[in-house]
Amino acid sequence: MTAGHVIKDEDMYQPATDDDQHIGSRMDDKHDDPGTPEPAFDAGVIDLDTDTYHQFAGASGDDTYWDDVHIFGIVGRDELVDNENSDYSLRRRGARTGMESGTLNEVYDDHHAFDTSADEDDGDSGGPHFMREYNSGLGIYEAYIAGIHYAGNTKMSRATMMSAIESEYSVAV
């Protein structure tokens, strides 16, 4: 999953377009202009290469990963709606700003989007907004994906709800 507006070609690369950094191919994408102030649906699906390294990106740079954080599911639409404009905190990982966190602001249920108070920078699109909890029994953090980042500014981040992405593309996180 990524933001739909970042999918420009059939072949997908990360972090650069070198042949050895090919991660997969475009399956589908849907998006409006992320520069407009209106909330929208902005997401895309990548068919990953079988040898792609699957780990949650860490906070220390492009080549670091969290070994103790595992994705367990999503933060559902109802939980987001119920916690609109509260102190409900979400983290966001972006390529430019790294790990940020902020509180949940507006939830645009009819547009399948939400805002948080985390700042962002151009190039953060496609990163996850998520919540994590420590599971002492397993000795790991459980991450729950709330959405995929696609727009914002230095005072807010906007994401498409993961529940809407799952419905649109018939996938499960």
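When the accessible area of the chain is split by element with a 1.4 Å probe, what percent falls to carbon and sulfur? Walk me through the numbers on the way to the answer.
Values: 3880 of 9180 Å².
That share works out to 42 percent.
Computed per residue of the chain from DSSP H runs no shorter than four, each worth -39500 (n - 2.57), the mean residue ellipticity at 222 nm is -2000 deg cm²/dmol. Only protein heavy atoms count here; under a 1.4 Å probe, Arg132 has an accessible surface of about 70 Å².
Site pair Glu142 and Asp68 shows an inter-label distance of 1.7 nm when each label is modelled 7 Å from Cα along Cα→Cβ. Applying the Karplus relation 6.51 cos²θ - 1.76 cosθ + 1.60 with θ = phi - 60° to segment 109-121 yields 3J(HN,Hα) values of 4, 6, 10, 6, 9, 8, 10, 10, 7, 5, 7, 8, 9 Hz, where x marks Gly and Pro.
The modelled label-to-label distance for the pair Asp78/Thr36, using points 7 Å beyond Cα in the direction of Cβ, is 3.1 nm.
Counting charges near Met131 (Lys, Arg +1; Asp, Glu -1) among other residues having Cβ under 12 Å from its Cβ returns a value of 0.
The mean accessible area for residues of the chain, using a 1.4 Å probe and ignoring ligands and nucleic acids, is 53 Å² per residue. Residue-wise HN-Hα couplings along segment 164-169, as the Karplus relation 6.51 cos²θ - 1.76 cosθ + 1.60 with θ = phi - 60° gives them from phi, are 5, 5, 4, 5, 4, 10 Hz; Gly and Pro carry x.
Sequence gap at least 6, Cα distance under 8 Å: using those rules, report the relative contact order of the chain to the nearest whole percent. All intermediate terms of the calculation are to be shown ahead of the outcome.
On the way: 419 pairs, mean separation 36.2, N = 173.
Normalised by residue count, the contact order of the chain is 21 percent.
The values are calculated or read from the model by the stated rules, or taken from the named source; none is laboratory data. Quick caveat: nothing in here was measured; it's all calculated off a predicted structure. Because the Cβ atoms are built from the backbone with ideal geometry, glycine has one as well, and the counts that use them run over all protein chains shown. Each accessible area value is taken on the protein alone, full model and side chains, heavy atoms only, with ligands, DNA and RNA left out. Shrake-Rupley method; radii C 1.70, N 1.55, O 1.52, S 1.80 Å.
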